[in-house]
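Heads up, the thing below is written out as structure tokens.
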Amino acid sequence: MANIKSAKKRVLIAEARRVKNAAERSKIKTALKKYEAALEAANADKDETQKLLISVISLLDKAARTNLIHKNAAARKKSRLTHKFNKKFAA
């Protein structure tokens, strides 16, 4: 543990951010899994799956905006998810 007061504060802040970031990453992973499961379901409902896609895209945008993930990584994931959706529900 650090001796300097500001260094002690930085340790506490870093730990708080680590916990918050881990929770946000977990939230994104959970949303991705729900979307994938809805997409793979045999009786997939287009409207429900589209709502899940929109919510996942929103989470990815927020994560990119707050530098939780890189903006290009978010764009890549959004593109792949949208491609899967369009492939599944092609008219």
## Note on the structure
Quick shape check on the chain: root eigenvalues a ≥ b ≥ c of the Cα gyration tensor, a/c under 1.5 is rounded, otherwise prolate if a/b tops b/c, else oblate, and it reads prolate
### Query
Which lysines have a Cα less than 28 Å from the Cα of Lys29, not counting those fewer than 8 places away in the same chain?
Lys20, Lys46, Lys51, Lys62, Lys71, Lys77, Lys78, Lys84, Lys87, Lys88
### Relative contact order %, the chain, counting alpha carbon pairs below 8 Å whose residues are six or more apart
23 percent
### Query
Residue-wise, which Karplus ³J(HN,Hα) couplings in Hz belong to region 43-59, taking 6.51 cos²θ - 1.76 cosθ + 1.60, θ = phi - 60°, and x for glycine or proline?
9, 5, 8, 4, 5, 5, 5, 5, 4, 5, 4, 4, 5, 5, 4, 4, 4
### Message
Students often check this: by mean Cβ neighbours within 10 Å, which of 1-8, 29-36 ranks highest, and how do the rest follow?
### Response
29-36, 1-8
### Message
Can you give me the distance in nm between label points at Ala37 and Ala23, each placed 7 Å from the Cα along the Cα-to-Cβ direction?
### Response
2.2 nm
### Query
For the pair Ala73 and Val11, how long in nm is the line joining their label points, each one 7 Å along Cα→Cβ?
2.8 nm
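Any read-out appearing in this document is the output of simple, stated calculations on the displayed coordinates, not a laboratory observation. Keep in mind that what you see is a predicted model, and the values were worked out from it rather than measured. Cβ: placed from backbone, ideal geometry, glycine included. Neighbour counts: every protein chain shown.
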